[in-house]
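Heads up: the structure comes next, in structure tokens.
The values are calculated or read from the model by the stated rules, or taken from the named source; none is laboratory data. Nothing here was measured: the structure is a model prediction, and the numbers come from that model. As a convention, Cβ positions derive from the backbone with ideal geometry for all residues, glycine included, and neighbour counts pool all protein chains shown. Areas reflect the complete protein model, heavy atoms only, side chains present, ligands, DNA and RNA absent. Shrake-Rupley method; radii C 1.70, N 1.55, O 1.52, S 1.80 Å.
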Amino acid sequence: MAEADVTLRFEIAEGETPDADNVIRALAAYVEILKTAGELVAPQLQMEVGLVGVEDGSDVFKFALRSCENFGESLIEGMGEYPLVSKAAITLGGLIGGTMIVIGLENKFSDDPRLPPDQMQVFEENNRLLRESNDLQRREMEFYGILQEEPAYKQIDIIRPYGGGSRHTVPKEEFAARSGLWMSDGGTVSDPSSQTITDTWNVVLIKATLVPEPRRWRFAKDGIEFSALVKDQTFLDAIHDRTLPVTLAEGIRMKIEVKYREDYTEEGWVPVVGSHRVTKVLHPLPPGSPIPLFPDAGSPKK
């Protein structure tokens, strides 16, 4: 039997039995998380996710990851192992998006538990790609949304052989937030350790994604870089219509309305990486309606 690259374990509440349809949906959604992470980490490869073990009454599922360089060749002949660094990053797919968790990696092939600097640099770059991916965040939200709907699940454990057989637990209390319920128009979920902040920032543009759809851009505020999903459709349409008064380029100064989530930790309120949304671009603005020379008779004077 092939060695598992990641194990997903569902913790079931005492006396409860999960609905079979929800189990199937959750497994399928988790496989999509792994495949999406694989496309980000190694876009040149085709990923296959194999179920190599089921234990404890089908509550523990073990998955193996395989890659194929040539999409047209036989999967059996062409399948190979992902490099350790790539597999370790891929198996973080359901954990790293939208969090500030720093998850380490041990080198199991050496007495020195630390990765060589060049491999660690690749691992950290892979983690950045995972954190900033809209597709991965969407897959994660679908997965945790299914878990939130199933009352029998009280937590999940994601067990990885990398990092000394590390186990990462996500309790039921986090399912709603990870599913995106906190972003509803009605406000955040009723969790005193989480809050949504809306603020106006002066930022410097680092990298723009010039398409008329919500995508992640990179900015710098007070010298600290961050990424944010730009959701101001008026601004995005102006990019498409080429009606912005300036050319967007690295270093341009912008004023934005930003919304993001904070979690309360031992260090106080900490912004959640990946939760930033640009809800409105205040500068630069596309041309608007002309300002009237004379205000309406009922308008207050300024």
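Look through region 244-263, keep the residues that are in a loop (DSSP other than H, G, I, E, B) and in contact with a helix residue (DSSP H, G or I) (Cβ under 8 Å, 6 or more places away or on another chain), and return whichever of them is nearest to residue 195 (Cα to Cα).
Here is the first cut: in region 244-263, the ones in a loop (DSSP other than H, G, I, E, B) are 244-252.
If we keep only those that are in contact with a helix residue (DSSP H, G or I) (Cβ under 8 Å, 6 or more places away or on another chain) too, we end up with 244, 248.
On the way: 244: 34, 248: 32 Å.
Top of the filtered list is 248.
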**Prompt:** What number of residues in region 8-48 are in contact (Cβ under 8 Å) with a residue 60 or more places away in the chain, in a strand (DSSP E or B) and open to solvent by 20 Å² or more (accessible area, probe 1.4 Å)?
**Reply:** 3
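Might you check whether a residue that is at pLDDT 90 or above, open to solvent by 30 Å² or more (accessible area, probe 1.4 Å), part of a helix (DSSP H, G or I) and assigned by the TED database to the domain that holds residue 134 occurs anywhere in region 64-85? Let's see the steps before the verdict.
Here is the first cut: in region 64-85, the residues at pLDDT 90 or above are none.
Taking every residue of region 64-85 in turn, none turns out to be at pLDDT 90 or above, open to solvent by 30 Å² or more (accessible area, probe 1.4 Å), part of a helix (DSSP H, G or I) and assigned by the TED database to the domain that holds residue 134.
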